[in-house]
Number of protein chains: 2
Amino acid sequence: MAHIAVLGAGLVGRTIARDLADEHTVVAFDQNPEALESAFSGTEVSVAAQNLSNASVLSDLLAPFDLVVDALPGHLGLRTLRSILEAGKNTVDIAFAPEDPSPLASLAREKGLVAIVDMGVAPGMSNAILGHHVSTFSRVERFECIVGGLPRERRWPFEYRAPFSPADVLEEYTRPARYRVHGEEVSVPALSNREKLDFPGIGTLESFDTDGLRSLLKSYPEIPNMVEKTLRYPGHAALMEILRESGFFSTETVAVGDAKVRPLDVTSRLLFPHWQLTEADDEFTVMRVLIEGTNSAGDRETAQWDLLDHTDHQRSDSSMARTTGFACNAAVNLLLEGGLEPGLWFPEKIAEDRSRFDFLLGYQQRRGINYRRS
Amino acid sequence: MAHIAVLGAGLVGRTIARDLADEHTVVAFDQNPEALESAFSGTEVSVAAQNLSNASVLSDLLAPFDLVVDALPGHLGLRTLRSILEAGKNTVDIAFAPEDPSPLASLAREKGLVAIVDMGVAPGMSNAILGHHVSTFSRVERFECIVGGLPRERRWPFEYRAPFSPADVLEEYTRPARYRVHGEEVSVPALSNREKLDFPGIGTLESFDTDGLRSLLKSYPEIPNMVEKTLRYPGHAALMEILRESGFFSTETVAVGDAKVRPLDVTSRLLFPHWQLTEADDEFTVMRVLIEGTNSAGDRETAQWDLLDHTDHQRSDSSMARTTGFACNAAVNLLLEGGLEPGLWFPEKIAEDRSRFDFLLGYQQRRGINYRRS
């Protein structure tokens, strides 16, 4: 039983805090008192309404806790992770900041702290699955991950809703996608290489390149083929490409009359009411990870891992919150068990240890999230 | 030989001024000195760099002139037209302001002035063609006008360029389209009722409802069926509908960080570089007017009028500027010939007089713009 701070009470943050509160003492922090009230009234989670963008405030706030979960929007960047480490706290991070967190590894080590980052579904469990195969196969030749979280109800024109801020999603559509083909790193515009794929019980989805490999490119330079793609309903990517190429996702300030704005901020503001996932929405998370290589017996093998998860209306947990949040909480409990060396941990490195990989899978399985291998 | 002021040196204004300067003394006004320089250096047109949005300034500026052409952007509204009349000047207006100019009729009459408004291609010549048939048919039962100005080069994603400000075009996509069916006035969202149509030498275009009937609905309440549609390349309207319904054309101010902006202004700003027609662009204007009714002999007749006009690279006149500007200039010369009673004139009322209709057609025909009747 630990004393845990959860930063951010968005749809993912609230699922994380409520789940952790079954076994731990949890305080949820968010700048929005109504969000805290709606998320946690009648639960074991304590709440604190706080603006968390001020690093010096954060240090005092976090003093009483054993561990901090960062579930703030990614556009707040690595500032929060740095502040948590400077405050001397172990942490699990699902903010998915666009920046590489590696420069913070030495700070974690110096302070004797464990920071687990990118610990959601993808990045997160997709990394863990690859880490497991890197340690069990004699050679991995190809890694492919396709993943998406989507609403059941397809509403024109975007057919998309998310528990994340639109700005974070648009950032994924803007940042060039890096992957590896025949040992060469390539970079293509996000939303490229669209392909239609059929999923039983879901129908046809469209995959396209996004910059989702993140730490995997550095962790496994020896794997010659690595690609990550995002899934949406067909047409969404084409529409997003149009908006992006027309300048609607630009972060360069433009003058409009007397005002100066970043087009991305205006677009996020306009899309917010269309994209905001509510607790009433029925949605699902789908992921397929393919790993090709040579197994320990020396035979060619393709391991396929599939995830299909749905909204849990009984507990008011969206599927995207469940799959992201319970992966995060598995890591929280693994960290609390001890044994991880101080430093910055990516999920693939945790999962190279068989018992830790099983711990992550087991924690989620008990909550109805099944990664099926075939 | 008259002394004429042309307000606005956009692509249409410059064609108007250069053409009028063959027979008249012309001064072109624009707030942008570079636009004036590029449009008129080496021509007979004199220039005056002036911010024209201040009505009191306008009155002094216009004192020396016999007639004023208003070729300013429509979003400046009727303010300019009112100022011109208050300055005691006859005028021809192709600003196509969204507001109904009828309330200014009494001001024109009181001052003994002639104001010809909406005197372009559509509105403009489309109105004139209907006016002609109203006066020559015993009964008109249906009026249909489809019209568009398009670039030859179709560039993803909008396949559209215009010599007008994007804000004016977006306004056409936003204002509900009013038309008349079986004697009933209906109003539908702009961009509705999309239909594919083939045009020889052009290919397939898509028509959709826009609010282009303007004065015609009031001028001819007895015509039971009236519709006006805009032509674009297929797909443009669907894309515009998505942007409109997502809020990108909204004129309601939104707060974005510390700034307050109207989404329409941001969108116009972003689309401007994609949509701006340059003198190098090859483009065309296509219009088809259908008038069904009973002719003077008592027989059923469908009159079809077709226009297809192209960029004049020799004179650096875009087709949209030619068809709009030369219709305007025909009316300028008609007004200068005298004979029009003081008041506000819409093109349909001018063309009910056969000789005036022929004057409009003849002026344009000498400049290579042929309205073909079949």
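Here, the range B:252-374 is characterised by an Rg to Rh ratio of 1.13, where Rg is the alpha-carbon radius of gyration and Rh the Kirkwood radius. Chains B and A together bury roughly 2100 Å² of accessible area, counting both sides, with a 1.4 Å probe on protein heavy atoms only. The string of couplings for the range B:369-374 from the Karplus curve (6.51, -1.76, 1.60, θ = phi - 60°) is 9, 10, 8, 9, 9, 9 Hz, one whole number per residue in order, with x for Gly and Pro. Annotation: per residue accessible area for the range B:119-164 equals 32 Å², rounded to a whole number [probe 1.4 Å, protein chains only]. Under a 5 Å amide H cut-off, with hydrogens placed 1.01 Å from N, A:Glu141 pairs with A:Glu292, A:Gly293, A:Thr294 among residues at least 5 apart or on other chains.
Across the accessible surface of the protein assembly as shown, with the other protein chains kept in place and a 1.4 Å probe, carbon and sulfur atoms take up 46 percent. Under 5 Å from the amide H of B:Asn32 lie the amide H atoms of B:Gln50, each residue being 5 or more positions distant or on a separate chain, with H modelled from the backbone and absent for Pro and chain starts.
The lysines within cross-link reach of A:Lys260, meaning a Cα-to-Cα straight distance under 19 Å and a gap of 8 or more places when in the same chain, are B:Lys260. Along the range A:178-188 the Karplus relation, 6.51 cos²θ - 1.76 cosθ + 1.60 evaluated at θ = phi - 60°, assigns HN-Hα couplings of 9, 8, 9, 10, 6, x, 9, 7, 10, 9, 10 Hz to successive residues, with x for each Gly and Pro. Here the range A:170-232 is treated as a Stokes sphere of Kirkwood radius computed over C-alpha pairs; at 10 °C and 1.306 mPa s its diffusion coefficient rounds to 129 µm²/s. For chain B, modelled as a GNM whose springs connect Cα atoms under 10 angstrom apart, the maximal fluctuation among B:Ala167, B:Ala115, B:Ala297 occurs at B:Ala297. A viscosity of 0.890 mPa s and a temperature of 25 °C, combined with the Kirkwood radius over Cα pairs in Stokes-Einstein, give a translational diffusion coefficient for the range B:210-272 of 169 µm²/s. Computed per residue of chain A from DSSP H runs no shorter than four, each worth -39500 (n - 2.57), the mean residue ellipticity at 222 nm is -10000 deg cm²/dmol. For A:Leu67, nonlocal amide neighbours, meaning residues 5 or more places apart or on other chains whose placed amide H falls under 5 Å from its own, are A:His3, A:Ala5.
Per-peptide packing, taken as the mean over residues of other Cβ atoms within 10 Å, places B:175-188, B:80-93 in the sequence B:80-93, B:175-188 from highest down. Quick one: Debye curve from the alpha-carbon atoms of the range B:234-303 only, equal weights, vacuum; give me log10 I(q)/I(0) at q = 0.14, 0.23 Å⁻¹ to two decimals. With one equal scatterer per Cα and no solvent, log10 I(q)/I(0) is -0.70, -1.08. For the range A:66-118 versus the range A:236-278, the spacing of their alpha-carbon centroids is 28 Å.
Loop-resident GluC sites (Glu not before Pro) (DSSP state other than H, G, I, E or B) in the range A:245-348 with no more than 15 further Cβ atoms inside 10 Å of their Cβ: A:Glu252, A:Glu279.
The trypsin sites (Lys or Arg not before Pro) of the range B:287-374 that meet both conditions, a loop assignment by DSSP and at most 16 other Cβ atoms within 10 Å of the site Cβ, are B:Arg315, B:Arg366. Taken over the alpha carbons of the range A:75-206 as equal point scatterers, the Debye sum produces base-10 log I(q)/I(0) values at 0.13, 0.16, 0.22 Å⁻¹ of -0.78, -1.12, -1.47. Over all alpha-carbon pairs of the protein assembly as shown, lay out the pair-distance distribution in 10 Å bins, whole %, shortest bin first. That works out to 3, 13, 19, 18, 13, 11, 11, 8, 3, 0, 0, in percent per bin. Relative intensity of the range B:24-113 on a log10 scale, I(q)/I(0) at q = 0.15, 0.17 Å⁻¹, equals -0.58, -0.74, per a Debye sum over C-alpha point scatterers of equal strength in the absence of solvent. Based on the Kirkwood approach, the hydrodynamic radius assigned to the range A:1-152 is 16.5 Å, with every pair of different Cα atoms included. When both the range B:133-196 and the range A:313-353 are represented by their alpha-carbon centers, they are found 57 Å apart. In chain A, which whole DSSP H runs stretch at least 15 Å along their own axis (Cα) and average 0.5 or higher on the Kyte-Doolittle scale? Span-like helices in chain A: A:319-337.
Using R₀ = 22 Å, calculate the FRET efficiency as 1/(1 + (r/R₀)^6) where r is the Cβ-Cβ separation of B:Ser102 and B:Ser59; round to 0.05.
After rounding, the FRET efficiency stands at 0.45.
Rounded to the nearest 5, the antiparallel percentage of DSSP beta bridges internal to the range B:35-159 is 10%. Within the assembled protein chains, the solvent-accessible surface assigned to B:His75 is about 110 Å², based on a 1.4 Å probe.
Using only alpha carbon pairs under 8 Å that are at least six residues apart, calculate the relative contact order of the range B:326-374 and give it in whole percent.
Here the relative contact order equals 49 percent.
Set the Cα radius of gyration of the range B:311-356 against 2.2 N^0.38 Å, with N its number of residues, and you get 1.39. Between this copy and the others, label points of A:Asp22 are 8.5 nm apart in ascending order, each placed 7 angstrom from Cα in the Cβ direction. Counting only other chain Cβ atoms within 10 Å of each residue's Cβ, the peptide A:53-66 averages 0. With the gyration tensor restricted to C-alpha atoms of the range B:1-48, the semi-axes of the equivalent ellipsoid amount to 16, 10, 9 Å, longest first. Taking 1.002 mPa s as the viscosity and 20 °C as the temperature, the Stokes-Einstein diffusion coefficient of the range A:80-149 based on its alpha-carbon Kirkwood radius rounds to 156 µm²/s.
Each residue of the range B:87-95 was assigned a 3J(HN,Hα) from its phi angle through the Karplus expression (A = 6.51, B = -1.76, C = 1.60, θ = phi - 60°), giving 6, x, 10, 5, 8, 10, 10, 10, 6 Hz with x at Gly and Pro.
Sorted from shortest to longest, the distances between the A:Ala2 label points of this copy and the other copies are 8.5 nm, with each point 7 Å from Cα along the line through the beta carbon. Expressed in units of 2.2 N^0.38 Å, where N is the residue count, the Cα radius of gyration of chain A is 0.95.
In percent, rounded to a whole number, the relative contact order of chain A is 20, using alpha-carbon pairs under 8 Å and six or more apart. Starting from the label point of B:Ser135 at 7 Å along Cα→Cβ, the same points in the other copies fall at 9.2 nm, in ascending order. For the range B:266-319, the residue among B:Ser316, B:Val289, B:His274 whose Cα projects farthest onto the positive side of the dipole built from Cβ charges is B:His274. The charge dipole of the range B:211-308, taken about the Cα centre with unit charges on the Cβ atoms of Lys, Arg (+1) and Asp, Glu (-1), comes to about 320 debye, rounded to the nearest 20.
Taking every DSSP beta bridge with both residues inside the protein assembly as shown, roughly what % is antiparallel (nearest 5)? Write out the running numbers ahead of the final one.
On the way: 90 of 152 bridges.
Roughly 60 percent of the beta bridges in the protein assembly as shown run antiparallel, per DSSP.
Remind me, relative contact order of the range B:1-123 in percent, using alpha carbon pairs under 8 angstrom and six or more residues apart?
22
The values are calculated or read from the model by the stated rules, or taken from the named source; none is laboratory data. Remember, predicted model here, so these are calculated numbers, not experimental data. We place every Cβ from the backbone using ideal geometry, glycine too, and count neighbours over all the protein chains shown. The accessibility values were calculated without ligands, DNA or RNA, using every heavy atom of the protein model including side chains. Shrake-Rupley method; radii C 1.70, N 1.55, O 1.52, S 1.80 Å.
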